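Participant: Below is the structure I would like to discuss, written out as structure tokens.
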Amino acid sequence: MSADADRLAEFLRELAQALHVSGMPAHDLERQLNATGQRLGIRVDCFAVLTMLTLSITAGDGTQRIEMLRLRFYDYNMARLIALEALLGEIDAIAGIDRCAHKLRAIMSAPALWSGWFFAAMGFLLSASVALLLGGGCAEMLCGGLVGTGFVGGYLALARVPRLTPAVPVILCAAAAIGAQALAVVVPQQSPFISAVAGVVLILPGFTLTIAMSELATQNLLSGTGRLAGVFLLLFMMGAGLVIGTQIGQHLLPVHSTGALANPPGWVIWPAIAALGVAMLGVLQAPLRAVHVLVGGSLLAGGLGLAAAAWPVVGLPACPFHRLTGIPCPTCGVTRCVKALLHGNWAMAFQLQPLIVTIVVAGALWLAYAWGTALFGWPYPVATENRRDKWMLGISAAALVLANWAYLVVRGV
């Protein structure tokens, strides 16, 4: 292959590694590299699994080059992934590869957005919030936050010792359990179990599980099952570390609880959930401008969770928008619609919320088509990259929501 082709192959190899270690799912990685190859006038066939990536690069003259890369485990970094996706949009010609390669190396060599004391503070916020959500009081929030801060420090320190990487979850979780038991000597009113569990949530593989499910849903079975196996292995190692540390701590520092401190008032749970959203900046290495999204998402998830927990006991409260204005909000009737669907009463469900029933039917048809792509080789739909098409999709979706809302207002649901 020519010198230009060699440079291009090297750039694509570095780009693929960068996207992987920054946390891009396998199906998105393959799609982005294929699209990049099309813009450069070459064919790039990509096959990604959790620890390996195969690139087949075919030039215009038919010359082919195959690259096989062993990939290290990813460390999700939202800020870096945003920068890499912006770089992908700038790649349009082979002549500009050197400039893009320089930008790529600058992105990958940039320090983590949240590190050091800022990252430790995020660990305190995260663990203290989780301690409250686990049913703890002021003592558990304080001790859980301190354990979480020490956990973050240990995580950063052990990251510099690659040989210990396989044992890091067990070591850190055992140390967290011993630390929580030691704090119980000073603050006997706390529950060491809640403090220890809250202190280790930093490495819970929730995001990894989400990526695994998305890869399985897009037929990336090797990558999805490999990532899913990693989730279960990590949870097992965390549980083993907590059990080991708890046994050691109780043997060395036997403590009898003296009863809980005064629990915080009920409204404190909302600032705690908001603080959890702020702490997610550090967990995801997200830019500060994303804080409103993370806080809003945390409050929404927390509200839905609390509503679901309270529903069997007190029932759902009346819609505050409807109570204040006398007009149904866009989501009025959703609960009754879902209940009607669960009882098989589709006509009643459609009368209550036509848009929800339409989404359910469209989702079922989409699922059937997805099975068709897997079993019968039907063409897999490709997401549009055209800005105008995206705007039209957004406008159409907004129009459907407004039309559904107008129906609810007229009908008085």
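The values are calculated or read from the model by the stated rules, or taken from the named source; none is laboratory data. A quick note: this is a predicted structure, and the numbers were derived from the prediction, not measured. With ideal geometry, Cβ positions are generated from the backbone for all residues, glycine too; neighbour counts draw on all protein chains shown.
Participant: Could you grab the pairs with beta carbons closer than 7 Å, sequence gap of 6+ or different chains, first residue in region 194-213 and in contact (Cβ under 8 Å) with a residue 12 or more places away in the chain and assigned by TED's automatic domain parsing to the domain that holds LEU172, second one buried (at least 24 other Cβ atoms within 10 Å of the Cβ) and among the aromatic types (Phe, Trp, Tyr)?
Facilitator: Pairs found: GLY199/PHE151; VAL200/PHE151; LEU202/PHE151.
Participant: Inside region 49-69, can you point out the residues that are over 25 Å from LEU221 (Cβ atoms), in contact (Cβ under 8 Å) with a residue 24 or more places away in the chain and either of a type in the set (D, E, K, R) or in the same structural domain as GLY230 (by TED's automatic domain parsing) (or both)? Quick ask: steps written out before the conclusion?
Facilitator: Quick first cut of region 49-69, residues over 25 Å from LEU221 (Cβ atoms) only: 58-65.
Within this subset, residues satisfying the condition of being in contact (Cβ under 8 Å) with a residue 24 or more places away in the chain are 59, 63, 65.
Listed by number, the list holds a single entry, ARG65.
Participant: Anything in region 92-116 that is surrounded by 13 or more Cβ atoms within 10 Å (Cβ to Cβ) and of a type in the set (A, V, I, L, M)? List them, or say none.
Facilitator: ILE94, ILE97, ALA101, LEU104, ILE107, MET108, ALA112, LEU113
Here is a yes/no grid of residues against (1) within 30 Å of ASN220 (Cα to Cα); (2) modelled with pLDDT under 70; (3) outside the structural domain of ALA217 (by TED's automatic domain parsing); (4) under 31 Å from the mean Cα position of the chain (by Cα):
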{"residue": "ALA340", "(1), (2), (3), (4)": "no, no, yes, no"}
{"residue": "VAL360", "(1), (2), (3), (4)": "yes, no, yes, yes"}
{"residue": "ALA364", "(1), (2), (3), (4)": "yes, no, yes, yes"}
{"residue": "PRO381", "(1), (2), (3), (4)": "yes, yes, yes, yes"}
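Participant: Another one. Are any residues in region 180-201 surrounded by fewer than 24 Cβ atoms within 10 Å (Cβ to Cβ) and hydroxyl-bearing (Ser, Thr, Tyr), and if so, which ones?
Facilitator: SER191
Participant: Condition test on LEU12, is it assigned to a helix (DSSP H, G or I), aliphatic (A, V, I, L, M) and in contact with a helix residue (DSSP H, G or I) (Cβ under 8 Å, 6 or more places away or on another chain)?
Facilitator: Values: assigned to a helix (DSSP H, G or I): yes; aliphatic (A, V, I, L, M): yes; in contact with a helix residue (DSSP H, G or I) (Cβ under 8 Å, 6 or more places away or on another chain): yes.
Against the criterion (assigned to a helix (DSSP H, G or I), aliphatic (A, V, I, L, M) and in contact with a helix residue (DSSP H, G or I) (Cβ under 8 Å, 6 or more places away or on another chain)), LEU12 qualifies.
Yes or no, residue by residue, for (1) among the aromatic types (Phe, Trp, Tyr); (2) closer than 21 Å to VAL21 by Cα; (3) out of contact with any Asp or Glu (no Cβ under 9 Å at 6 or more places or on another chain); (4) surrounded by fewer than 19 Cβ atoms within 10 Å (Cβ to Cβ):
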{"position": "PHE47", "(1), (2), (3), (4)": "yes, yes, no, yes"}
{"position": "SER56", "(1), (2), (3), (4)": "no, yes, no, yes"}
{"position": "GLY60", "(1), (2), (3), (4)": "no, no, yes, yes"}
{"position": "MET78", "(1), (2), (3), (4)": "no, yes, yes, no"}
{"position": "PHE118", "(1), (2), (3), (4)": "yes, no, yes, yes"}
{"position": "MET122", "(1), (2), (3), (4)": "no, no, yes, no"}
{"position": "ALA128", "(1), (2), (3), (4)": "no, no, no, no"}
